[in-house]
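> Please read through the structure below; I'll follow up with questions.
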Amino acid sequence: MTRKKPITRRDFIKHTISATAALTIVPRYILGGAGYTAPSDQLTKAVIGVGSMGRGHLHYPGAKLLAVCDVDENHLNMAQKIAGPGVAAYKDFREVLERSDIDIVHIPTPPHWHALIAVAAAEAGKDIWCEKPMTRTIGEGQKIVEAVQKNGRIFRLNTWFRFRGQFYGFGTTVKPIKKLVQSGVLGWPLKITVSGITGFDWKFYWSGETNIKPEPVPKELDYDFWLGPAPYKPYNKHRVHGTFRGYWDYDGGGLGDMGMHYLDPVQYILDKDDTSPVEIEADCPQQHPDACGSWRRIQLKYADGCEIILDGENKDKDAAFIEGPDGKLFKGLESDIPNLKEKLATLPEPEPQVTDFIKAVRTRKKFALNEENGHRSCTIVNLSKIAVRLGRPLRFDPDKQRFINDVEANRLIAQPMRAPWHL
Amino acid sequence: MKNNKKTILILITAVLLASSLVMGQEDVRTLKTKVVDTLAKFPAQNTAERDKLASELIQLGQEGIQEVCRMLVPPGTGDDTRVRFALNALSVYVHRAGAEQERGIYARTLLKALESQKDSEVKAFLIRQLQLVGKNESVKPLRIFLKDKRLCEPATQALLAIRTPEAEKALLRSFRSASETNRITIIKALGELRSKAAVKKITRYVSSRNEKLRHVTLYALANIGDPKSEKILDSISLASSSYERAKAPSLYLLYAQRLAESGKKQQCARICRNLIKNYTSPHESNVPCLALSILVNAIGERAFGDLLSSMENPNKELRSRAIELAGTVQGEYATAQWIKKMTEVPTETQAEIITMLGYRNDTAALPTLLQALKSDEKIIRLAAIPALAHLGGSDVLPELFTSLYTDQADEINTTKQVLKRFPSIEVIPGVVKILEEMPPLAQVALIEILSERLAKEHVDTVFAQINSDHESVRLAALAGLENLASEKDLPHLIKILLETQDITKISLAQNAVVASANLITDPEKRTGLILETLEETTGAKRVDLLRPLAKIGGKNALQTVIAETKTENPIIQDAAVSTLAEWPDISAAEELFNIYSTTKKQEHRLFAIQGYVRLVIESELAPEKKLRKLKETLDIAAETEEKNHILKGLGSVKTLNSLRLVAAYLGNQDFQAQAAITVAEIALPQPGTMRGLFGAEVISVLKKSVGLIEDSYEQERIEKYISTILEQGGFVSLFNGKDLSGWKGLVGNPISRAKMTTEELTKAQEEADLSMREHWKAVDGILVFDGKGESLCTLKDYTDFEMLVDWKIEKHGDSGIYLRGSPQVQIWDPEQWPEGSGGLYNNKEGPSKPLKCVDNPIGEWSTLRIKMTGETVTAYLNNVLVVDNVVMENYWERYKPIYPVGQIELQSHNSPLYFRNIFIREIIPEKGAQGLTEQETAEGFELLFNGKDLTGWTGDTTGYVAEDGKIVIYPKRGSGNLYTEKEYSDFILRFEFKLTPGANNGLGIRAPLTGDAAYVGMELQILDNTAHIYKDLEPYQYHGSIYGIIPAKRGYLRPVGEWNYEEVIAKGRRITVNLNGVTIVDANIDKASTPTTLDGKDHPGLKREKGHIGFLGHGSHVEFRNIRIKELNEIPRVLIFIYNL
């Protein structure tokens, strides 16, 4: 590829600045060499999307914040105030990505922006920390996987239950569950029920409003930019900050909010990180074309007969979290298997995972929850969303990542983006 | 006479309507009526219902669907929610398999609607439906919109979804005449379609001055991947924008990938290799990664050399990428090459290759990995340990054990982690075998493995290490015993405990003692040996023996510990009290309370109260008992810290009384923070398990606590719950927080308004509304008045109602709430008017002052709850009764009673005002309409009770009496059943009922005249759910439930003493119950009783197809009125009716 460029004065200054930056700021590890880590070897980051979630991200340890970015001036001002001096503010994320002194990009925007920013960040050579849900559609997820892997980037999806902390209302971490399932004590195939009874509550208050009236766009917000790839619809306060989850264009209601937290560990427990369910069925009231509503039950089946039930009504009062032919596992690791604790102790530990993002970036090892398994987990959420919206049983080919014999469902797999945005 | 004819006609229509479904007769409704009837049923509650409704619409044909489309309105100009639901239902329905014809009809109708609709947003909605269902028929009509500024984007998206060659052609054809903005949209789409035909047409725009146009053109050319574009893509970096330069290699490589996909693999490889060579800067390290990925993807095994040589690249990211891609080339030859490569690269890279070999699943690499285990370089050894374990499995365990023979902590730790990945049966024998001969650090790791694996059979091996020469090993062994010791080891462990002086080791030994003692089967024998030893022990060692008792428990142990709390040695006494505070069961509670109420030692008090509160809330005691015990301690608590601790504990007692107790502390600075948190914990529902508390008092307490809680998420949760309580209690919001919908400006007064003509009033109202909008505004969810205009009035008039409103005024502020258009419940500054707010200020005869002054300080929110029924008003200010059932006098016409109906007004008195959370609940008046509405008559309802006597009824006609238009059951007179003489099968029954406290009755349906209707027929419960006596009923016993079979939703009954409205629909096997507008039961009785009923009893009555309807007495006073019924599908009756005409 031709690499000459005409150098203007502006470019020259820019070039000189970044060349100097390379000597002082750019991490040494990138240059290779035998495990060299100087104390000044500081990773740097930018946060794109500084609404309430993003502002909570400004001071995560491990990397120094250099830039914040938002299409809402109020958010930007607030973030800059919290971040303190020396942190630059941008409206256009592409300008952030052009900065060669930034190593890591955080993406706590609403989900309809995740794929675009993540792919652009990967192509700009940044490592990525992305909030859940990973994407709005399955197609967007595939693009992230491709861009992140081909560009050799490290990607972290930010929900951590598969490797640390209590697994929501379940009362233990995921590790013992994984051990137990992996050892085959419960038999196979397994049925997993995610409901309030088994420790997981669905947040149905993330519903959209129907028949919303157009309102004037507040002057601090660039609404067109906020919408980005999403279809244009007249502005209303409820569409944006804080309540965007209630609209299919940007997220997926309670499923979008909690789905990945609850289901990512399930994929891991069932050892399905490289595949997806093949049959999906939802029982729900009819959904509005624009606003997400609630649902009663979603059933997802894998090719080997394993099954996930999302019980939105807490209907099955006796449900075990995991039910297999040889035993059941309830909230708090209760089980009908005698001497479970002793049995657990004799079982081998699962393969280790890299759970320190900064370490993953430095050693170029895949983070425990990355673009690939994250995409598969998010696929469950996105499959469920489509099943709820279409309200008919669907069959899915996990290798091709397409629905079988369903044109309309396939149109929802990768929805077109509004120009000029594209993946 | 004329009127009569009309009624008959309506009746005929209604009857025909009802009968057409069963009889297949012609449906005579107009198309519009049919559409509206179907629309009214949206949104559907499930898929089957949705598809049924959609098929109804489809059957109405193009014209019918066209009619639906016509009802779309531009956003903000009306409510077309149901229309949008309906169209979306169609969009989904016509896409099912085998419905191509219906899809075509629907798509063409959408296109037709697009022609006639004017509004862009409506058109955009229609196009979005085409994006779901459109195929080639839609391509041509959509083309028109590619010229439109607003609709080009949705039309393009629809064409992209249709994705046929025709769609591509449409885009290509519209492209030239498109505006620049639309051209961007179209070029992007052509790029996504990889349209070869577009290349020639779009290439010129790579040099456009419009940056966006340039970007999408470059992207499109790259994605299309036509060799004609290579030169352009190769030289993007010459372009002027830095964004374009940064993006250049990605686009160039996208192009390369497309080349490979179209078979031009060598060209692709050339580009990739060039980029790998040229991009060496650390800022661009992703570019060679990308190039390498595309290269390997394109030429597969032939890129193996590139993978190998990448290992010499200083760029670590590229090396990692190559390692990840190594799996694409399998086989022993490749393995050998990788091993050979190791000799040519730096140590760090060697380690990377070793890791890869371990996960590449070719056992040919085993010898290399075994050798690496003995490397002089630690980084290599560390990589080799997990790699070898993964590749070799249990066969290489002996070699892995040898890598423990070192003093390097990280190697030992890595090996330990690896060993844990084997099952006990494989790894434990080896661990035991080598334990003796290993260096101390490794011994620690091995002991930890034995302990974690609960390898009890090897407890002696670990006991032996207690006397190791190395302190770290001794500690590890002692710690390990907790998991390994059995009950027979107890004497040994006690001995160790007594001999140990070091504080860490004492605690470890205690853990082991506890674990071992707890293995003894008989709980009372567990502490036997410890207590015996305690008797023989003197001095400080007694403390060490006392502590473990708290984790074992038992009667004897408890007595001993209690005795020790009274010993003179202060150290032992302290230990005994804290041991007691940690006691595992409620048996220690009494003594803790004793200590708490008698001791003078502050430290002991704190221990005692913490232990006591914990034991009480963890106990199985009934909530009232827990509450009583905690209240008792609260009464004698002296210190702030103690009280706060008790308040915190009360959070787990979730009853109204507990809430009241805690609420009393909201006003006290020392306790309000904790009290507020506790209040929320008590009142709010717990996820998945429990409903929250209900009622006006709960709302008032929660409102107080919101202001004291700092966490904004928690505040929001509480606010949301308050609205839930209100909505479930039948309240609706009068103020949406966003605008003034539902409100109007003030025109004159009731007298002057009455004198105006309609025209005058309309005009005056328009002016008043204009002025209102200037002075009343919705700001951040608050209704704000600037102090300068007139009062604000509700659009609606109200008769009897209960309302809630939060208000706030400034200094000297003055306002009030007008009821039925009349002044007023007073609001003002108590500094000027000390009697305070809330009184009926304009009363001359009756009381006009509030009972108490309970205003919150000026500038803070106060809450008014006003209930008006008939002429009387009751008001609570900040939850304190200030007006007690007082007759409100008529201010406008003094000699008249208060008007029966009118608007509610927020009074302007020339001072700034603030209102929020305005909710109202309409109360069905005592004297409701008796008889059928016009609509009901038209629909075929009949009165089941004539309002005068019990004609048509049979059974207990002494217990039930007809009076004042009601059927009333007086338990003193009888408590039997009152049945209709006639039998009914499928029907809609509507009636109103009023409960007395604790009332119990039932609605029998399809019942015989004798026997217990709950079993021989069906009984729908009629019950005061709120009565304390019913708190432990089964879910299927509460109001509305089909007794024993189907539970009803709770929370929708009006307060006792008010009329409730109920509708029961029995249709075949489906029973639906609506209570006060909410569906509380909707179930199929067959499904609900299969395989067994909820109560497990036999309900033969479920099988009955018809029977009598009746009220089933259970000894309580209950009133019924407005009882009417419509029979469903009764064919003979319809025939007779028609025949008679």
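> For the stretch A:245-298, give me the residue count where each residue is in a strand (DSSP E or B) and either among the basic types (Lys, Arg) or in contact with a Cys (Cβ under 6 Å, 6 or more places away or on another chain) (or both).
Counting residues in the stretch A:245-298 that are in a strand (DSSP E or B) and either among the basic types (Lys, Arg) or in contact with a Cys (Cβ under 6 Å, 6 or more places away or on another chain) (or both) gives 1.
> Here is a list: B:Gly737, B:Gly745. Which entry is crowded, with 16+ Cβ neighbours inside 10 Å, among the small types (Gly, Ala, Ser) and under 29 Å from B:Ile924 (Cα atoms)?
Selected residue: B:Gly745, the only one of B:Gly737, B:Gly745 that is crowded, with 16+ Cβ neighbours inside 10 Å, among the small types (Gly, Ala, Ser) and under 29 Å from B:Ile924 (Cα atoms).
> Working carefully through the options B:Glu591, B:Glu564, B:Glu524, find the one that is in contact (Cβ under 8 Å) with a residue 12 or more places away in the chain, loosely packed, with under 14 Cβ neighbours inside 10 Å and in a helix (DSSP H, G or I).
B:Glu524
> Taking the stated definitions as given, is A:Ile322 over 28 Å from A:Leu255 (Cβ atoms), more than 18 Å from the chain's Cα centre (by Cα) and away from every other protein chain (no Cβ under 11 Å)?
No, not satisfied.
> Let me spell it out: the conditions are (1) more than 8 Å from every other protein chain (Cβ to nearest Cβ); (2) more than 50 Å from the chain's Cα centre (by Cα); (3) modelled with pLDDT under 90, and B:Glu244 meets all of them except one. Which number is the exception?
If we test B:Glu244 against (1) more than 8 Å from every other protein chain (Cβ to nearest Cβ); (2) more than 50 Å from the chain's Cα centre (by Cα); (3) modelled with pLDDT under 90, just (2) comes out false.
> Any chance the stretch A:157-174 includes a residue that's crowded, with 21+ Cβ neighbours inside 10 Å, under 30 Å from A:Asp326 (Cβ atoms) and at pLDDT 95 or above?
Yes, the conditions are met somewhere in the stretch A:157-174.
> Taking A:Ala345, is it closer than 23 Å to B:Leu160 by Cα, within 11 Å of chain B (Cβ to nearest Cβ) and either outside any loop (DSSP other than H, G, I, E, B) or touching an Asp or Glu at 6+ places or on another chain (Cβ under 6 Å) (or both)?
no
> Every residue in the stretch B:612-667 that is basic (Lys, Arg) and not in a helix (DSSP H, G or I), please.
Across the stretch B:612-667, the qualifying residue is only B:Lys654.
> Which pairs turn up if I take residues in the stretch B:1085-1106 that are surrounded by 12 or more Cβ atoms within 10 Å (Cβ to Cβ) and look for partners that are of a type in the set (Lys, Arg) and assigned to a loop (DSSP other than H, G, I, E, B) with beta carbon separation below 9 Å, at least 6 apart in sequence or on another chain?
Partner pairs satisfying both residue conditions: B:Ile1085/B:Arg1069; B:Asp1086/B:Arg1069; B:Leu1102/B:Arg1069.
> Would you point out which residue out of B:Ile1005, B:Ile1045 is surrounded by 18 or more Cβ atoms within 10 Å (Cβ to Cβ) and in contact with a helix residue (DSSP H, G or I) (Cβ under 6 Å, 6 or more places away or on another chain)?
B:Ile1045
> Oh, and also: If I ask for residues that are more than 10 Å from chain B (Cβ to nearest Cβ) and in contact with a strand residue (DSSP E or B) (Cβ under 6 Å, 6 or more places away or on another chain), which ones from the stretch A:396-423 would you list?
A:Phe396, A:Phe403, A:Ile404
> Right, something else. Among (1) touching a helix residue (DSSP H, G or I) at 6+ places or on another chain (Cβ under 6 Å); (2) surrounded by fewer than 20 Cβ atoms within 10 Å (Cβ to Cβ), which single condition is B:Asp395 missing?
(1) is the only condition that B:Asp395 fails.
> Follow-up question, since we're still on this one. If only one of B:Ala107, B:Ala89 is within 8 Å of chain A (Cβ to nearest Cβ) and modelled with pLDDT of 95 or more, which one is it?
Among B:Ala107, B:Ala89, only B:Ala89 is within 8 Å of chain A (Cβ to nearest Cβ) and modelled with pLDDT of 95 or more.
> For the stretch A:86-175, give me every one of the strands (runs of 3 or more DSSP E) that falls completely inside it and has 2 or more residues that are under 23 Å from A:Gly256 (Cα atoms) and in contact with a helix residue (DSSP H, G or I) (Cβ under 7 Å, 6 or more places away or on another chain).
A:104-107, A:127-131, A:155-158
> Separate question: Report every pair of residues separated by at least 6 positions or lying on different chains whose Cβ atoms are under 8 Å apart, first residue within the stretch B:37-65 and free of Cβ contacts under 8 Å to residues at least 24 places away in the same chain and farther than 18 Å from B:Ile105 by Cβ, second in a helix (DSSP H, G or I) and of a type outside the set (Lys, Arg).
Every condition considered, the pairs that remain are B:Lys41/B:Glu49; B:Lys41/B:Leu53.
> Anything in the stretch A:266-285 that is among the hydrophobic types (A, V, I, L, M, F, W, C) and within 14 Å of chain B (Cβ to nearest Cβ)? List them, or say none.
A:Ile280, A:Ala282, A:Cys284
> Separate question: Take residues that are within 11 Å of chain A (Cβ to nearest Cβ) and tell me which of the helices (runs of 4 or more DSSP H) falling wholly in the stretch B:116-163 contain 3 or more.
Output list reads B:120-133, B:152-162.
> Evaluate the following for B:Ala477: is it of a type in the set (A, V, I, L, M) and within 27 Å of B:Glu590 (Cα to Cα)?
Judged against the criteria, B:Ala477 is not a match.
> Something else about it: Of all the helices (runs of 4 or more DSSP H) wholly in the stretch B:188-240, which have at least 2 residues that are over 17 Å from B:Ala178 (Cα atoms) and of a type outside the set (Val, Ile, Thr)?
B:211-224, B:230-234
> Could you tell me how many of the residues in the stretch A:199-221 are more than 9 Å from every other protein chain (Cβ to nearest Cβ), surrounded by 16 or more Cβ atoms within 10 Å (Cβ to Cβ) and in contact with a strand residue (DSSP E or B) (Cβ under 9 Å, 6 or more places away or on another chain)?
Of the residues in the stretch A:199-221, 5 are more than 9 Å from every other protein chain (Cβ to nearest Cβ), surrounded by 16 or more Cβ atoms within 10 Å (Cβ to Cβ) and in contact with a strand residue (DSSP E or B) (Cβ under 9 Å, 6 or more places away or on another chain).
> Let me ask something else about it. Among the residues of the stretch A:72-79, is there at least one that is at pLDDT 95 or above, more than 10 Å from chain B (Cβ to nearest Cβ) and part of a strand (DSSP E or B)?
yes
> Right, another one. When the stretch B:933-961 is examined, which residues are found to be buried (at least 18 other Cβ atoms within 10 Å of the Cβ) and assigned to a strand (DSSP E or B)?
Those that are buried (at least 18 other Cβ atoms within 10 Å of the Cβ) and assigned to a strand (DSSP E or B): B:Trp953, B:Gly955, B:Tyr960.
The values are calculated or read from the model by the stated rules, or taken from the named source; none is laboratory data. It should be emphasised that the depicted structure is a prediction, and the values quoted were computed from it without experimental measurement. Neighbour counts run over all protein chains shown; Cβ positions are idealised from the backbone, glycine included.
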